[in-house]
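Here's the structure we're looking at; comments come further down.
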Amino acid sequence: MATKHIGFTANKIKDLACESGKSQTIHWDSKTPSLGLRVTPTGNRAYIFQTWFNGTNLRLTIGDIEIWTLGAAQAEARRLKVLTDQGIDPREERAKAEALNAQAYPDDYATPAIKDAVTRLISGSKELDALVKKKS
């Protein structure tokens, strides 16, 4: 089936369905480049971001439509697109933000392995950067 772009509205996204026989269907917003809505047969819906980055297809989940407003998801997709256009991998940015959060709230990240990983990431460890990329 050809890729179809739809002008997302709050009402339209609630009516979009998964194609019969598929594990998921992605509908694309005609107003916001790289913003999609993933719909599963059970009716779960999540905003996604997808673009080409460094010669590969990069897809990230933005979040559930019950949590994210359409406007917030569109803004996040635009922000992620700016990052990728500048050669910045949003997955690395997210990992760094999580590491800083873990440093600020260490009790929430109490295992020794996580504390060690956070320390190495903040100190610029190439080893942890490789580990983060491998898990992404």
Residues (assigned to a helix (DSSP H, G or I) and loosely packed, with under 14 Cβ neighbours inside 10 Å) located in segment 60-75 | G71, A72
Give me the pairs, please: first residue somewhere in segment 78-95 and over 23 Å from W28 (Cα atoms), second residue anywhere and open to solvent by less than 80 Å² (accessible area, probe 1.4 Å) and outside any helix (DSSP H, G or I), beta-carbon distance under 7 Å, and either six or more positions apart or on two chains.
-> none
Inside segment 18-29, the number of residues satisfying the requirement of being farther than 26 Å from K81 by Cα and touching a strand residue (DSSP E or B) at 6+ places or on another chain (Cβ under 7 Å) is 1
Considering only residues that are surrounded by fewer than 17 Cβ atoms within 10 Å (Cβ to Cβ), over 20 Å from the mean Cα position of the chain (by Cα) and of a type in the set (A, V, I, L, M), look in segment 76-119 and name the one that is modelled with the lowest pLDDT.
-> A110
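The values are calculated or read from the model by the stated rules, or taken from the named source; none is laboratory data. Note that the structure is predicted; figures quoted are calculated from it, not measured. Positions of Cβ are backbone-derived with ideal geometry, glycine not excepted, and every protein chain shown enters the neighbour counts. Each accessible area value is taken on the protein alone, full model and side chains, heavy atoms only, with ligands, DNA and RNA left out. Shrake-Rupley method; radii C 1.70, N 1.55, O 1.52, S 1.80 Å.
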